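Asks: Okay, here's the structure, questions in a sec.
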Amino acid sequence: MSEPELTTILEAILFGAGRSMSLEELSEMLGEPKGVILVGLTNLRKIVDQRDGCAMQLTDVSGRWIFEVRPELSSFLPESFRADIPQRLLPAAALVAYHQPMPQSQLVDMLGQRAYDHVRDLAEIGLIDRRRDGLTRRLTTTRRFAEYFGCPEIEYRKVRAWFRDEASKMGLTSAELAASLAPDEQMTISEFSEEGPKEVEAEPRND
């Protein structure tokens, strides 16, 4: 068998990984310059887009590349098909949705130092976008986030409005909503307000 094209190798790696990967990771893995990898990924995306009836698309999320189901197919998939996101990450995801565009430093004020790990993990699975903004990062939700939470909107401002409306219907603040998403984690979350932080603890389930 002759040596496969770079696009074929990249497709195999990304599909097999089942998560987003950065140019740096792929460059180190394949021993190729980042520029070469970027060209390969760009070509691969064109190839995938041209496939008739292809269910997948290659997406660049904050510089990390991932295969995902085309959004127009989401409504045809069973709810149980949704990716299994660790419960510990759901509060951070909810807080970003509620306060976006949210400085990472604000999320740290609410969740503590664990916020850094949660942001990294959420970015790796494509739920949030993190862009450098001065000394911190600017956090917003992605299309994958909207699909996972069943939000009918994609643009982050509309996602924020939808998320706040859902919290309002339940009579919950952002911290209370976040805590309710991971009761088993026993998180203490500080409510962000001009009056100063107010801690909210997750109530354990009595299952």
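Asks: Can you name the condition, by its number, that SER27 falls short on among (1) surrounded by fewer than 12 Cβ atoms within 10 Å (Cβ to Cβ); (2) closer than 21 Å to GLY126 by Cα; (3) at pLDDT 90 or above?
Replies: (1)
Asks: Examine segment 198-205 for a residue that is basic (Lys, Arg), surrounded by fewer than 17 Cβ atoms within 10 Å (Cβ to Cβ), modelled with pLDDT of 85 or more and over 19 Å from TYR116 (Cα atoms), and state whether such a residue exists.
Replies: The first filter runs over segment 198-205 and keeps only residues basic (Lys, Arg), leaving 198, 205.
Restricting the remaining residues to those that are surrounded by fewer than 17 Cβ atoms within 10 Å (Cβ to Cβ) gives 198, 205.
Adding the requirement that they be modelled with pLDDT of 85 or more leaves none.
Scanning segment 198-205 turns up no residue that is basic (Lys, Arg), surrounded by fewer than 17 Cβ atoms within 10 Å (Cβ to Cβ), modelled with pLDDT of 85 or more and over 19 Å from TYR116 (Cα atoms).
Asks: Continuing with this model, one more query. Looking at LEU23, LEU14 in this structure, which one is under 25 Å from VAL69 (Cβ atoms), in contact with a Ser or Thr (Cβ under 9 Å, 6 or more places away or on another chain), in contact (Cβ under 8 Å) with a residue 24 or more places away in the chain and of a type in the set (A, V, I, L, M)?
Replies: Working: LEU23 fails: in contact with a Ser or Thr (Cβ under 9 Å, 6 or more places away or on another chain).
Answer to the check: LEU14.
Asks: Applying the selection to segment 95-154, what residues are in contact (Cβ under 8 Å) with a residue 40 or more places away in the chain and among the acidic types (Asp, Glu)?
Replies: ASP109, GLU124, ASP129, GLU147
Asks: Enumerate the helices (runs of 4 or more DSSP H) found wholly within segment 98-179, keeping only those where 2 or more residues are surrounded by 15 or more Cβ atoms within 10 Å (Cβ to Cβ) and among the polar types (S, T, N, Q).
Replies: Working: elements: 104-111, 114-124, 143-149, 156-169.
Result: 104-111.
Asks: Right, another one. Out of the residues in segment 1-23 that are among the aliphatic types (A, V, I, L, M) and exposed (fewer than 13 other Cβ atoms within 10 Å of the Cβ), which is farthest from the chain's Cα centre (by Cα)? Write out each step before concluding.
Replies: The first filter runs over segment 1-23 and keeps only residues among the aliphatic types (A, V, I, L, M), leaving 1, 6, 9-10, 12-14, 17, 21, 23.
When the remaining residues are screened for being exposed (fewer than 13 other Cβ atoms within 10 Å of the Cβ), the result is 1, 12.
Numbers: MET1: 38, ALA12: 22 Å.
So the residue we want is MET1.
The values are calculated or read from the model by the stated rules, or taken from the named source; none is laboratory data. On a predicted model such as this, the values are computed, not experimentally measured, just so you know. All Cβ positions, even for glycine, are placed from backbone atoms using ideal geometry, and neighbour counts span all protein chains on display.
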